[in-house]
1. In deg cm²/dmol, rounded to 500, what helix-only [θ] at 222 nm does chain B give when every DSSP H run of at least 4 residues adds -39500 (n - 2.57) and the total is split over its residues?
2. Which order do peptides B:27-40, A:46-59, A:20-33 fall in by mean Cβ count within 10 Å, highest first?
3. Would you work out which of B:PHE295, B:TRP230, B:VAL203 lies farthest towards the positive end of the dipole of the range B:113-360, given +1 charges on the beta-carbon of Lys and Arg and -1 on that of Asp and Glu, about the Cα centre?
4. Near B:LYS361, which lysines are there with a Cα under 29 Å away, not counting those fewer than 8 places off in the same chain?
5. Using a Cα-Cα cut-off of under 22 Å, which lysines could be cross-linked to B:LYS79, ignoring same-chain neighbours fewer than 8 residues away?
6. So, counting K/R as plus one and D/E as minus one, what does the shell of residues with Cβ under 15 Å around B:ARG8 add up to?
7. Dipole size in debye (nearest 20) for the range B:104-252 around its Cα centre, Lys and Arg Cβ +1, Asp and Glu Cβ -1?
8. Tally the DSSP beta bridges in the range B:113-360 and give the antiparallel ones as a percent, rounded to 5.
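Each value in this text was obtained by applying a stated rule to the coordinates, not by laboratory testing. Keep in mind the model is a prediction, meaning the values are calculated, not measured. Glycine also receives a Cβ, built like all others from the backbone with ideal geometry; neighbour counts cover every protein chain displayed.
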Amino acid sequence: MTQGLPAAGRRVIVGAHAMDQKFFNDPALDRLVATTIALAAEVRVLRDRQQALEGVLARQGLVVPADIEGWQPDASEQAAIDAEAERFVRSVLGPLAADAP
Amino acid sequence: MRSLSPDRATLAYQDFLRRAKGRWARDLYRAVAADFAAARDRAGPDALADADAAEAVLSATSARYQYFGWLERHLQRLKYASPRGILAAVDAERPALAAELAAAREAGVARGELRLAPGFTPPRYFSAVDFHQHPGGVAGDPLAGVAYDFGRQTTMPAHLDPDEVHRRFTAAVPAGDCRRILDIGCGTGRSTLPFAARFPSAVLYGIDVAAPCLVRAFQRSDAAGVRVEWSQQAAEQTDFPDGHFDLVHSTFLLHEVPRPALAAITREVHRILAPGGRFVSLDFHSPPGGVFGAFIHYGHARRNNEVFMRSFCETDFLGLQRDAGFHEAVMLPFDDGSGTWAADEAPPHWRFPAQLFVATK
Ligand SMILES: C[S@@+](CC[C@H](N)C(=O)[O-])C[C@H]1O[C@@H](n2cnc3c(N)ncnc32)[C@H](O)[C@@H]1O
């Protein structure tokens with residue numbers, strides 16, 4: 001048997017930012033790939049939302065591109081945009097700063 | 001039975017992971033196969049004599065294997081543990097899901113279909129490991145069965161229907177008269193229920209160490225209108241009488257237990273089977289593709305926290321079954337929907353090396 005149990009009291013844990021296995025010669029690359037994949041996934045989520053949104057609006061007869069260019073958010077709309085922008089940056093940069101046990 | 005209904009963003013995120021895994025299973029796997037062949041041509045056949053030697057060479061020299069490894073570990077981790085992962089989706093619906101499970105648990109116990117063992121302590125090899133990177137495992141949270149169920153939709157390579165494997169396994173089990181059938185390590189009952197249609201006159205039983213999975217299994221059988229006797233027990237030592245079953249089966253259990261537990265389970269199954277009864281298992285063993293196949297499979301085990309997967313492969317399970325008293329034990333090729341391969345033939349895409357084990361008492 002080449003692999004066994006962890007020492008008593010220890011779990012084989014998977015944390016939210018588990019970076020415990022290294023795959024690249026330079027550990028910086030492990031983080032860079034994590035950031036890239038996080039970005040790619042978020043872009044995909046965004047594209048999906050945008051396609052859905054444009055579909056909804058088009059069914060209501062709205063001309064989307066022109067309306068988007070002319071849109072001025074009010075204060076609460078701007079706050080929501082800021083919060084989302086902050087969340088996005090955190091999710092992309094998170095892997096670079098996460099603890100590496 | 002309520003299943004998880006994540007928001008659109010989470011579904012898009014999970015869909016992205018599933019598709020990425022699909023490309024991984026084909027494009028990156030083939031790239032690694034090409035790098036493996038090139039390394040062997042360069043260094044001579046003796047240099048890649050076994051899986052560990054291949055691991056040492058490829059992990060140091062093949063950028064494509066490095067990406068392959070990263071993606072295998074982290075796509076699975078993100079599936080469960082990211083902000084758009086399954087556990088976050090479970091948390092978002094926790095009150096409603098928990099209420100429904102509590103009601104199901106009560107109904108199952110009241111009807112005598114669900115036997116839970118208060119104070120039951122699962123084996124340490126089970127509770128110490130987050131198998132397949134499910135944080136907390138399948139017993140760590142009352143909603144762990146719901147999470148596992150949702151995750152199972154994308155466990156098999158992306159081009160395969162996850163439930164097809166259970167239909168195919170059930171169909172591959174030798175026909176015959178069965179009064180009682182037991183599924184050991186039944187999980188959320190996906191592997192148990194297909195037996196109702198194949199053996200309509202048999203009474204079905206399912207055991208597992210994880211109560212959250214058993215409650216979910218009861219929900220599943222209840223929704224399907226099938227009666228199953230679910231109980232919380234370890235397969236090493238059950239409370240069934242000698243010779244109670246005509247058929248005992250397991251799906252994806254054996255690779256999750258260490259060797260002493262494997263031997264104990266095999267002996268226990270032999271005890272509770274009637275003479276002539278069968279022990280039929282679907283599990284991962286003897287990866288096709290020679291050194292390359294073993295290198296890929298043992299790497300999967302390491303990257304996915306499958307800590308006993310390799311030891312199971314390195315165990316002569318047929319010999320162990322004969323030692324336990326089975327007079328016949330065979331391993332047969334199993335087609336999970338993607339085909340079958342000879343021992344020395346590497347599949348053209350990543351797959352679990354599922355094999356069918358049939359032993360007769
Ligand atoms: C990979 S899951 C498979 C579940 C189910 N057979 C299926 O195919 O969906 C393995 C299951 O085995 C259970 N298990 C692990 N060790 C066990 C043991 N010693 N006795 C009974 N069940 C066990 C786990 O709780 C888990 O639900």
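1. -14000 deg cm²/dmol
2. B:27-40, A:20-33, A:46-59
3. The Cα lying farthest towards the positive end belongs to B:TRP230.
4. none
5. A:LYS22, B:LYS21
6. Once positives and negatives cancel, what remains is -3.
7. On the way: 14 positive and 17 negative charges, 40 e Å.
My answer is approximately 180 debye.
8. Details: 13 of 35 bridges.
In the range B:113-360, approximately 35 percent of DSSP beta bridges are antiparallel ones.
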